[in-house]
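FYI, it's all coordinate maths here, none of it is from the lab. It should be emphasised that the depicted structure is a prediction, and the values quoted were computed from it without experimental measurement. FYI the Cβ positions are ideal-geometry reconstructions off the backbone, even for glycines, and counts take in every protein chain you see.
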Amino acid sequence: MPTRAEGLFEHRLAPIAGAVLATLFWSVGNLMAKASDLPGPQLAFWRVLFGAVIYQAIFRARGGRMTCAALRIAVVGGTAFGLSSALLFTALQTSSVASVTIITALQPVFLLPYAVRRLGERVDTARLVLTGLALTGTIVTVLAASSSGSWSLFGDVLAFIGMFAGCTYFVGTKYARATLGAIEYQAAALTVAIAVAFAGALVTGPGLVTPTVGDLWWALLIAIIPGTGHLLMIWSQKQLPVSTTATIALDVVVLSSIGAALLFGQELVPVQVAGMALVLVALALYVRRSSAEAIPDPGEIPVTPGE
């Protein structure tokens with residue numbers, strides 16, 4: 001007879017609850033990155049280091065043994081993850097949380113060329129129109145945010161580059177997961193990402209700064225809380241259509257923006273809210289039109305709008 005805890009996981013609403021909770025954890029992670037006093041690249045290094053240690057420990061506890069072959073397979077995904085972490089953490093600390101999160105939410109749109117060429121996905125007129133609406137809404141959101149003192153063109157540019165790095169992580173994960181298990185891949189990718197994040201910290205500052213206990217605490221929390229969000233979403237994806245999980249993941253934009261307004265006083269002007277709403281509606285319709293056969297197995301590819 002299943003225990004009460006096991007019964008909760010077997011409830012028909014459990015996958016939806018897991019996906020919603022994952023977006024909450026990702027949103028909290030964005031706010032933590034904003035609040036941290038460590039510069040973005042420095043924070044990314046410690047976050048990646050803690051994550052690698054945690055996942056390597058879990059992998060070994062499950063009887064695994066990390067190999068050079070696994071690290072080679074995870075090179076693309078790990079490199080992209082390290083780069084995107086450094087860029088997005090810096091963007092969150094430099095620009096408004098609303099504009100950064102709405103930019104990163106465009107990842108499905110920019111994965112379209114890959115979906116067409118590699119996955120055989122067809123591009124219909126409706127999807128092209130929705131892509132145009134999402135891009136228009138992003139432009140409106142960013143321009144409206146420019147009237148705010150918390151906005152930065154430099155930060156938004158970093159967010160765009162980080163979003164493309166996130167797309168590369170998606171593609172790298174697709175190929176790596178054909179060979180590696182989920183925990184093994186996470187451990188290998190994060191281990192590779194350490195070198196990338198370390199190089200970023202060295203290049204952007206006077207070497208690796210000595211963090212305070214508080215700095216390390218923030219980095220550890222970011223590794224644990226959004227990291228748990230990834231595990232929850234991967235679990236939920238095995239039982240829900242990818243269009244459902246992708247749409248739920250868009251809540252990160254709303255939750256992070258509201259949190260930034262409450263905690264950091266980042267104003268959301270009406271035009272900015274309208275632009276965000278246009279992007280969210282367009283992307284929600286976009287992912288729902290995506291054919292399930294044309295998208296990688298949702299149990300294998302995590303939806304990652306934020307770190």
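Before moving on, here are some points about what is shown:
- FRET efficiency estimate (nearest 0.05) - Cβ-Cβ, D124 to T212, R0 35 angstrom: 0.10
- Within the range 19-112, the proportion of Cα pairs with more than 19 Å between them is 53 percent.
- Gyration tensor verdict on the range 37-294 (Cα atoms; rounded if a/c is under 1.5, prolate if a/b is larger than b/c, oblate otherwise): oblate
- What the phi angles of the range 184-200 give under the Karplus curve with 6.51, -1.76 and 1.60, with θ = phi - 60°, is a coupling list of 4, 5, 4, 5, 5, 5, 5, 5, 4, 5, 4, 4, 5, 5, 5, 4, x Hz, glycine and proline written as x.
- Net length gained if the chain between Q239 and L262 were fully extended (0.36 nm per residue, minus Cα distance): 4.9 nm
- Rounded to 0.05, the FRET efficiency of the A274 and A35 pair, given R0 = 41 Å and the Cβ-Cβ distance, is 0.90.
- Likely footprinting exposure, Y175, Y169, Y185, fewest C-beta neighbours within 10 Å first: Y175, Y185, Y169
- Between Y114 and V203, the simple spin-label model (points 7 angstrom out along Cα→Cβ) gives 2.0 nm.
- Along the range 207-220 the Karplus relation, 6.51 cos²θ - 1.76 cosθ + 1.60 evaluated at θ = phi - 60°, assigns HN-Hα couplings of x, 7, 6, 7, x, 7, 4, x, 4, 5, 5, 4, 4, 5 Hz to successive residues, with x for each Gly and Pro.
- Shown for V281, V97, V254: other C-beta atoms within 10 Å of each C-beta, ranked fewest to most, produce the order V281, V254, V97.
- Here the Karplus relation 6.51 cos²θ - 1.76 cosθ + 1.60, evaluated at θ = phi - 60°, turns the backbone of the range 80-92 into coupling constants of 5, 5, x, 5, 5, 4, 4, 5, 6, 4, 5, 4, 5 Hz, with x for every Gly and Pro.
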